[in-house]
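Structure record follows, encoded as structure tokens.
The values are calculated or read from the model by the stated rules, or taken from the named source; none is laboratory data. Predicted model, so just to flag it, every value in this text is computed and none were measured. Reconstructed Cβ throughout: ideal geometry from the backbone, glycine too, with neighbour counts over all protein chains shown. Calculation scope for accessible area: heavy atoms of the full protein, side chains included, ligands and nucleic acids excluded. Shrake-Rupley method; radii C 1.70, N 1.55, O 1.52, S 1.80 Å.
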Amino acid sequence: MSDFRQKCIGKANLVGSFASIPHPVAVEVMAQAGLDFLCIDWEHAQISRDMIETMVRAADVHRVPAMVRVPGHAPEAIQAALDSGAQGVLVPRASTAAQVEAAVKACRYPPLGERGVGPGRAAGYGYRIPEYLAGANDRIVVAVQVETAEGLANIDAIAAVDGVDVIFVGPGDLSVSIDAIGPQGADKLNAAIRRIIGATIAHKKVAGIFCASPQPVGQWAAFGASFFILASDTMFLGAGAAPNCAAARDELA
């Protein structure tokens, strides 16, 4: 899994999914589905700090890189996710270059950043601190999520920040923030997404986007995106359960 960041910054097409169910069994099921990575959703799911580590460990069993979408910009949350052994973080609501610079500092050890050194799981609980320190800055993926009108306005400055690897579009929040909800706002939202991806590519960073279904993946890949988070474990669960339940009732009709 040590080449995950190299694949990201090399712009290999990567398809992951959000892990929202706070249990290692769900992570193991998703990890065996053929995904390139998982992103544990600490922002929106009911996941505790200790469960983050358990979920990362479950992904490690199947050699699938696990990132963590942290709840916000606090460096303490970023460090907790990385100390658990996560291969990277996704920082939500990145709206200014200053916020992105702070996120990079929280992810990188000196002299590139300000991440604290501790004997967490990532460093073998203290047994492998020197080895971990030697390679962590090169292995950790720093991804930030642009999903606000302010972030859209500041996209060039955000994409220019040294040390950020992935600029990730959150279409749902972005559509609300720029008043582009629903079919009537589709053109406005697509234009905003193209603006973000275009600026990201122009600054030689990796462009990513959330896709609720597989269909938009090809569309955004053609425009330059290469890092995709496809739906979530809960969305896949619902998508499988609902039609199968309906089919069973049809058999009874």
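Structure notes:
- When Cα Rg over 2.2 N^0.38 Å is calculated for this entry, the matching label among (1) 0.96; (2) 1.17; (3) 1.01 is (3).
- The chain, dipole about Cα centre (Lys/Arg Cβ +1, Asp/Glu Cβ -1), debye to the nearest 20: 500 debye
- Eligible aspartates and glutamates near Lys7 by straight Cα distance, threshold 17 Å, same-chain separation 8 or greater: Asp36, Asp138, Asp165
- The range 47-186: mean projected area of Cα convex hull, nm²: 9.2 nm²
- Contour minus Cα-Cα distance for Lys204 and Asp50 (0.36 nm per residue): 51.9 nm
- Hydrodynamic radius of the range 1-122 per Kirkwood, over alpha carbon pairs, in Å: 14.6 Å
- Expected 222 nm ellipticity per residue - DSSP helices of 4 or more, -39500 (n - 2.57), all of the chain, to 500: -14000 deg cm²/dmol
- Heavy-atom surface of the range 130-253, accessible at 1.4 Å and reported per residue (Å²): 47 Å²
- Span-rule helices in the chain, defined as complete DSSP H runs reaching 20 Å or more along the axis (Cα) with Kyte mean at least 0.5: 186-202
- P(r) of the range 150-253 over all Cα-Cα pairs, binned every 5 Å from zero, in whole percent: 2, 12, 19, 19, 16, 11, 7, 5, 4, 2, 2, 1, 0
- Computed about the Cα centre, the dipole magnitude for the range 44-148 is approximately 120 debye when only Lys and Arg (+1) and Asp and Glu (-1) carry charge, each at its Cβ.
- Over the range 83-158, the fraction of Cα-Cα pairs per 5 Å bin, rounded to whole percents and listed from the shortest bin up, is 3, 16, 24, 21, 14, 11, 7, 4, 1, 0.
- Relative contact order of the range 133-253, taken over Cα pairs closer than 8 Å and 6 or more residues apart, is 21 percent.
- Carbon + sulfur, % of accessible area of the range 24-180 - ligands and nucleic acids excluded, 1.4 Å: 54 percent
- Reduced Cα scattering model of the range 137-200, Debye log10 I(q)/I(0), q = 0.14, 0.26, 0.29 Å⁻¹: -0.40, -1.06, -1.24
- Shape category assigned to the range 73-120 from the gyration tensor of Cα positions, a/c cut at 1.5: oblate
- The chain: relative contact order in percent, alpha carbon pairs under 8 Å with at least 6 residues between: 19 percent
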